[in-house]
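Visitor: This is the structure, below, for whatever I ask next.
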């Protein structure tokens, strides 16, 4: 890594407002306060353990390239830095098949509001030792601590993968295909990502009359909605070209911003108590909130 | 109304008042203070115990909330209990605690097999869920060896694993949402059916928190497609090291079998005596590997595993010819613990994880440690995950043997962590490994975990004194009581 964790902790310091940035592709840092960067660089890639360790400032694409050389991959959405992707916590279009980004995080070392390096989780693919701070931190937008170094679980790259399209009911495909990696729907067309043994993929595609496609459709960028997957059929009343929905998952890429969602008072109080315990002076990413309406 | 009592009433006056308060909120038959119940619920499946103060049988979220509100108001510790199959003492009641049994909350509330999720109550048994939805072509992936009796609520509390978690991950990856009664009695939902709920991942924080952040009253689980093709292989080896090498080679080759389980010779012999499956009892170890998926992939993987196994000096490869043979091989794996009774009356089951490439070295250390303490050890474990399960066998009537077993167990944990591993892969920390947490975590790391816990439970009433050692206040309250280890 280009910076040690202790150097990173020194940069964060122990007092005063501070923000963190990666490549600025997911919103960037809080302006008008000192800004730090996490260590960048790959520490180790170990296909036999299905793990990779890297600095949080490592570009996602650089990590993906290094893993691909070893026949491995990790479920991070492309672009930006590893730490940025983890701070936002969003998964990419492969979530249906690969699971959520948060589930791939095995261990993190982060810098706390007290300027200390804290370890959460463990380096092995299976671990239930102590409370699961890793899950709490993924998606916390740098409000509880700043990621310094992370160990991910990786997966082998499939023998074959291909995008397909069809003018069919996406729910028939979701129910009938064996573990599709992605099923996307714009109200009219359905796109499917299949992977595995080429003979299996060909057989699945033939059974549902799927035609090869260039890739996924262009995604509307006006808003990212999060709906229960059972609510997606109701989107058919929206105009054509207004959305692409991740079937079986519930992420909707929409031309409009997402509708606001109420937050339960008990949950809101718990958020406040967590922030108070982890960052009593409110110095980490000041002004950033993970709850709507704040 | 008074709670039913079945024995001489020696309840401390403070608990009498608590029991009376509980009886005003629940039916009296749901609140028990008699010796039968307080002793019955004094332990889980670990070697530790401590009598319950009051036992409550919850039948609904409202019941759980009522109990927790009384606990909160009266400053009484409480602990949720599912089936009591935990192995780390997580459900052993803190002194004078209210035990909240969720065993009667056992309804499957809804199943959406197309979007593959289901809402269940915490008392639903793990295997019952998968059996009752099998006709829909889906199942719940975590499958602990205790899956016939363990509950989904217990799986949530311990972030449980099982043989088939190698490919699909542990419980945390299979829980979308939780309805939770927080330690102050408020009811909320963490996570959601939607993929990106607002705020912190409180769902993820809650799973594996061993009952210390509240009580789950409904669980939205993720379901997985049943695989269209399955191949189950039993491969035997002249040395444990050869078998362990194959495990690493398979993963490094880009395959992730659904399960890779190892049994050593003592285990094979015990199980063979019990199920008569023709197991390779003359060999040092056997690997049970299961490959699932679509037919061409399964066939290709089986072929490739055979090639890799040959390079590792495999003795024989047995491929289950049909479902009956597959079931028999799995019965051998899952009945290993019961079969041990043929060797010694008691066993102490451990649970650590090491990096896969350290498996042979750490296993050698496990045998060496057991030998030094004059104990038999049997290994049956999730080799694919590097998740060791050494069973130390003993006869509890033998004088001084418990101390030897306990000391040997602790050495095994230390050896695993020293090899770059972790304290627990799926059993949790509970009371058993609480005081070993500093092997893995610094005081700063532990303080961060304590901060999260106190945000959820400022009054420290939810299953207190588990998981986190507390040297700052290491008075009697934090001591594991003498005689708790039975």
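The values are calculated or read from the model by the stated rules, or taken from the named source; none is laboratory data. All figures in this text were calculated on a predicted structure; none of them were measured in a lab. Note that each Cβ is placed from the backbone with ideal geometry, even for glycine, and that neighbours are counted across all protein chains shown.
Visitor: Please indicate, with yes or no, whether at least one residue in segment B:17-38 is modelled with pLDDT under 95, outside any strand (DSSP E or B) and under 25 Å from the mean Cα position of the chain (by Cα).
Guide: yes
Visitor: Scan segment B:21-36 for residues that are in contact (Cβ under 8 Å) with a residue 24 or more places away in the chain and crowded, with 16+ Cβ neighbours inside 10 Å and jot them down. I'd like the intermediate steps shown before the answer.
Guide: Taking segment B:21-36 as the starting set, the residues that turn out to be in contact (Cβ under 8 Å) with a residue 24 or more places away in the chain are B:21-22, B:25-26, B:28-36.
Correct list: B:21, B:22, B:25, B:26, B:30, B:31, B:32, B:33, B:34.
Visitor: Sticking with this one: I'm told residue B:56 meets every condition in (1) assigned to a strand (DSSP E or B); (2) at pLDDT below 95 except one. Can you identify the failing condition by its number?
Guide: (2)
Here's the yes/no breakdown for (1) more than 21 Å from residue A:59 (Cα to Cα); (2) under 22 Å from the mean Cα position of the chain (by Cα); (3) assigned by TED's automatic domain parsing to the domain that holds residue A:211:
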| residue | (1), (2), (3) |
| --- | --- |
| A:112 | yes, yes, no |
| A:116 | yes, no, no |
| A:126 | yes, yes, no |
| A:133 | yes, yes, no |
| A:181 | yes, yes, yes |
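Visitor: Of the residues B:465, B:470, only one is more than 11 Å from every other protein chain (Cβ to nearest Cβ), free of Cβ contacts under 8 Å to residues at least 40 places away in the same chain and closer than 28 Å to residue A:269 by Cβ; which?
Guide: It is B:470.
Visitor: Confirm whether residue B:194 is surrounded by 22 or more Cβ atoms within 10 Å (Cβ to Cβ), at the interface with another protein chain (Cβ under 8 Å from one of its Cβ atoms) and free of Cβ contacts under 8 Å to residues at least 24 places away in the same chain. So that I can check it myself, show each step before the final result.
Guide: Values: surrounded by 22 or more Cβ atoms within 10 Å (Cβ to Cβ): no; at the interface with another protein chain (Cβ under 8 Å from one of its Cβ atoms): yes; free of Cβ contacts under 8 Å to residues at least 24 places away in the same chain: yes.
Judged against the criteria, residue B:194 is not a match.
Visitor: Give segment B:252-269 a look and list any residue that's surrounded by fewer than 24 Cβ atoms within 10 Å (Cβ to Cβ) and in a helix (DSSP H, G or I), or say none.
Guide: B:252, B:265, B:266, B:269
Visitor: Okay, moving on. Name the residue, out of A:185, A:171, that is surrounded by fewer than 21 Cβ atoms within 10 Å (Cβ to Cβ), modelled with pLDDT of 95 or more and either more than 9 Å from chain B (Cβ to nearest Cβ) or under 26 Å from residue B:139 (Cβ atoms) (or both).
Guide: The conditions single out A:171.
Results for (1) modelled with pLDDT under 95; (2) more than 20 Å from residue B:355 (Cα to Cα); (3) part of a helix (DSSP H, G or I); (4) more than 19 Å from the chain's Cα centre (by Cα), shown as yes or no for each residue.
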position	(1), (2), (3), (4)
B:436	no, no, yes, no
B:441	no, no, no, yes
B:444	no, yes, yes, yes
B:448	no, yes, yes, yes
B:460	no, yes, no, yes
B:477	yes, yes, yes, yes
B:480	yes, yes, no, yes
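Visitor: Any chance segment A:229-250 includes a residue that's away from every other protein chain (no Cβ under 13 Å), surrounded by 14 or more Cβ atoms within 10 Å (Cβ to Cβ) and touching a helix residue (DSSP H, G or I) at 6+ places or on another chain (Cβ under 7 Å)?
Guide: Taking segment A:229-250 first, the residues away from every other protein chain (no Cβ under 13 Å) are A:234-244.
Now restrict to residues that are surrounded by 14 or more Cβ atoms within 10 Å (Cβ to Cβ): A:235, A:238, A:242-244.
Filter once more, so that each one left must be touching a helix residue (DSSP H, G or I) at 6+ places or on another chain (Cβ under 7 Å): A:243.
For segment A:229-250, residues away from every other protein chain (no Cβ under 13 Å), surrounded by 14 or more Cβ atoms within 10 Å (Cβ to Cβ) and touching a helix residue (DSSP H, G or I) at 6+ places or on another chain (Cβ under 7 Å): present.
Visitor: All but one of (1) outside any strand (DSSP E or B); (2) within 30 Å of residue B:14 (Cβ to Cβ); (3) more than 14 Å from chain A (Cβ to nearest Cβ) hold for residue B:100; which doesn't?
Guide: Result: residue B:100 fails condition (1) only.
Visitor: Quick one: residue B:189 ticks every box in (1) in contact with a helix residue (DSSP H, G or I) (Cβ under 7 Å, 6 or more places away or on another chain); (2) more than 18 Å from residue B:312 (Cα to Cα); (3) surrounded by fewer than 24 Cβ atoms within 10 Å (Cβ to Cβ) except a single one, so which number is it?
Guide: With respect to (1) in contact with a helix residue (DSSP H, G or I) (Cβ under 7 Å, 6 or more places away or on another chain); (2) more than 18 Å from residue B:312 (Cα to Cα); (3) surrounded by fewer than 24 Cβ atoms within 10 Å (Cβ to Cβ), residue B:189 is out only on (1).
Visitor: If a residue has to be within 28 Å of residue A:13 (Cα to Cα), in contact with a strand residue (DSSP E or B) (Cβ under 7 Å, 6 or more places away or on another chain) and in a loop (DSSP other than H, G, I, E, B) to count, how many in segment A:35-91 make the cut?
Guide: Adding up the residues that qualify gives 7.
Visitor: Go through segment A:142-157 and give me each residue that's buried (at least 17 other Cβ atoms within 10 Å of the Cβ) and facing chain B (nearest Cβ under 9 Å). Show your work before the answer.
Guide: If we filter segment A:142-157 for residues that are buried (at least 17 other Cβ atoms within 10 Å of the Cβ), which is where we start, we get A:142-156.
Across segment A:142-157, the qualifying residues are A:143, A:144, A:145, A:153, A:155, A:156.
Visitor: So, in segment B:332-357, how many residues would count as being surrounded by 23 or more Cβ atoms within 10 Å (Cβ to Cβ), in a helix (DSSP H, G or I) and within 14 Å of another protein chain (Cβ to nearest Cβ)?
Guide: Count: 1.
Visitor: Let me ask something else. From the list B:282, B:272, pick out the single residue that is surrounded by fewer than 19 Cβ atoms within 10 Å (Cβ to Cβ) and either under 30 Å from residue B:122 (Cα atoms) or in contact with a strand residue (DSSP E or B) (Cβ under 9 Å, 6 or more places away or on another chain) (or both). Outline the logic, then answer.
Guide: Numbers: B:272 fails: either under 30 Å from residue B:122 (Cα atoms) or in contact with a strand residue (DSSP E or B) (Cβ under 9 Å, 6 or more places away or on another chain) (or both).
B:282 is the lone residue from the list that is surrounded by fewer than 19 Cβ atoms within 10 Å (Cβ to Cβ) and either under 30 Å from residue B:122 (Cα atoms) or in contact with a strand residue (DSSP E or B) (Cβ under 9 Å, 6 or more places away or on another chain) (or both).
Visitor: Also, I was wondering about something else. Output the number of residues of segment B:290-336 satisfying the condition of being without any contact (Cβ under 8 Å) to a residue 60 or more places away in the chain, closer than 16 Å to residue B:236 by Cα and in contact with a helix residue (DSSP H, G or I) (Cβ under 8 Å, 6 or more places away or on another chain).
Guide: Going through segment B:290-336 one residue at a time, the tally reaches 0.
Visitor: Count, please, the residues in segment B:414-434 that happen to be outside any loop (DSSP other than H, G, I, E, B) and under 23 Å from residue B:44 (Cα atoms). If you could, list the steps in order and put the result at the bottom.
Guide: Initially, segment B:414-434 is screened for residues outside any loop (DSSP other than H, G, I, E, B), giving B:414-418, B:422, B:434.
Still in the running and under 23 Å from residue B:44 (Cα atoms): B:422, B:434.
So the answer is 2.
Let's see how each residue does on (1) at positive phi; (2) modelled with pLDDT of 95 or more; (3) in contact with a strand residue (DSSP E or B) (Cβ under 9 Å, 6 or more places away or on another chain); (4) part of a strand (DSSP E or B):
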{"position": "B:289", "(1), (2), (3), (4)": "no, yes, yes, yes"}
{"position": "B:305", "(1), (2), (3), (4)": "no, yes, yes, no"}
{"position": "B:318", "(1), (2), (3), (4)": "no, yes, yes, yes"}
{"position": "B:330", "(1), (2), (3), (4)": "no, no, yes, no"}
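Visitor: On to the next question. Can you confirm whether residue B:64 is in contact with a strand residue (DSSP E or B) (Cβ under 8 Å, 6 or more places away or on another chain), within 20 Å of residue B:105 (Cβ to Cβ) and in contact (Cβ under 8 Å) with a residue 12 or more places away in the chain? I'd like the intermediate steps shown before the answer.
Guide: Numbers: in contact with a strand residue (DSSP E or B) (Cβ under 8 Å, 6 or more places away or on another chain): yes; within 20 Å of residue B:105 (Cβ to Cβ): yes; in contact (Cβ under 8 Å) with a residue 12 or more places away in the chain: yes.
It is true that residue B:64 is in contact with a strand residue (DSSP E or B) (Cβ under 8 Å, 6 or more places away or on another chain), within 20 Å of residue B:105 (Cβ to Cβ) and in contact (Cβ under 8 Å) with a residue 12 or more places away in the chain.
Visitor: May I pose another question? Check whether at least one residue in segment A:113-129 is part of a helix (DSSP H, G or I) and at the interface with chain B (Cβ under 9 Å from one of its Cβ atoms), and report yes or no.
Guide: no
Visitor: Go over the candidates A:135, A:141 one by one and state the one that is in a helix (DSSP H, G or I), touching a helix residue (DSSP H, G or I) at 6+ places or on another chain (Cβ under 6 Å) and closer than 23 Å to residue B:456 by Cα. Give the steps one after another, and end with the answer.
Guide: Working: A:141 fails: in a helix (DSSP H, G or I).
Selected residue: A:135, the only one of A:135, A:141 that is in a helix (DSSP H, G or I), touching a helix residue (DSSP H, G or I) at 6+ places or on another chain (Cβ under 6 Å) and closer than 23 Å to residue B:456 by Cα.
Visitor: Quick check, is residue B:82 in contact with a helix residue (DSSP H, G or I) (Cβ under 9 Å, 6 or more places away or on another chain), within 26 Å of residue B:431 (Cα to Cα), touching a residue at least 24 places away in the same chain (Cβ under 8 Å) and buried (at least 22 other Cβ atoms within 10 Å of the Cβ)? Step through it out loud before you land on a result.
Guide: Numbers: in contact with a helix residue (DSSP H, G or I) (Cβ under 9 Å, 6 or more places away or on another chain): yes; within 26 Å of residue B:431 (Cα to Cα): yes; touching a residue at least 24 places away in the same chain (Cβ under 8 Å): yes; buried (at least 22 other Cβ atoms within 10 Å of the Cβ): yes.
Taking the combined requirement at face value, the residue satisfies it.
Visitor: State whether the residues of segment B:403-419 include one that is within 14 Å of chain A (Cβ to nearest Cβ) and either free of Cβ contacts under 8 Å to residues at least 60 places away in the same chain or surrounded by fewer than 18 Cβ atoms within 10 Å (Cβ to Cβ) (or both). Break it down stepwise before answering.
Guide: Step one: list which residues in segment B:403-419 are within 14 Å of chain A (Cβ to nearest Cβ), which gives B:413-414, B:416-419.
Remaining after also requiring either free of Cβ contacts under 8 Å to residues at least 60 places away in the same chain or surrounded by fewer than 18 Cβ atoms within 10 Å (Cβ to Cβ) (or both): B:414, B:418.
Looking through segment B:403-419, at least one residue is within 14 Å of chain A (Cβ to nearest Cβ) and either free of Cβ contacts under 8 Å to residues at least 60 places away in the same chain or surrounded by fewer than 18 Cβ atoms within 10 Å (Cβ to Cβ) (or both).
Visitor: Scan segment A:48-69 and tell me whether some residue there is surrounded by fewer than 20 Cβ atoms within 10 Å (Cβ to Cβ) and in contact with a helix residue (DSSP H, G or I) (Cβ under 6 Å, 6 or more places away or on another chain).
Guide: yes
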